[in-house]
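Scroll down for the structure; my scribbles are underneath it.
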Amino acid sequence: DIMNNPFLVGERIYFRPLDVNDLERLIKWINDPEITVFLTMGRFPVNSIREKEWLENLYRSQDEVVMGM
């Protein structure tokens, strides 16, 4: 269950670390031009393999924290 690791919980937000259960949502967002228009990354479609790779590499660094809601 993705709701087992809260970082910040409020009336309208549940902020937590991203995990593999978020892949479907992340793929939808990263391939949506309205969401990515201001990102500095490339504008090529991302498939589930690339997005899972990105997600797995997030937690290799001790200096970065990536959260979702």
Here is a list of conditions, (1) farther than 23 Å from V9 by Cα; (2) modelled with pLDDT under 75, and V65 meets all of them except one; can you say which number that is? (1)
For the stretch 26-69, give me each residue that is open to solvent by less than 100 Å² (accessible area, probe 1.4 Å) and in a loop (DSSP other than H, G, I, E, B). N31, D32, V37, L39, M41, G42, V46, N47, S61, V66
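Does the stretch 45-53 include one or more residues that are of a type in the set (D, E) and touching a residue at least 12 places away in the same chain (Cβ under 8 Å)? Show your work before the answer.
Kept after step one, since they are of a type in the set (D, E), are these residues of the stretch 45-53: 51, 53.
Filter again for touching a residue at least 12 places away in the same chain (Cβ under 8 Å), leaving 51.
Taking every residue of the stretch 45-53 in turn, at least one turns out to be of a type in the set (D, E) and touching a residue at least 12 places away in the same chain (Cβ under 8 Å).
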Take the residues in the stretch 20-50 that are under 17 Å from M67 (Cα atoms) and in contact with a Leu (Cβ under 9 Å, 6 or more places away or on another chain), then tell me which one is modelled with the lowest pLDDT. V20
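The values are calculated or read from the model by the stated rules, or taken from the named source; none is laboratory data. Here the structure is a predicted model, which means the values were calculated and not measured. Cβ sites come from the backbone with ideal geometry, for glycine too, and all protein chains shown count toward neighbours. Side chains are part of the model used for accessible areas, which takes the heavy atoms of the whole protein and leaves out ligands, DNA and RNA. Shrake-Rupley method; radii C 1.70, N 1.55, O 1.52, S 1.80 Å.
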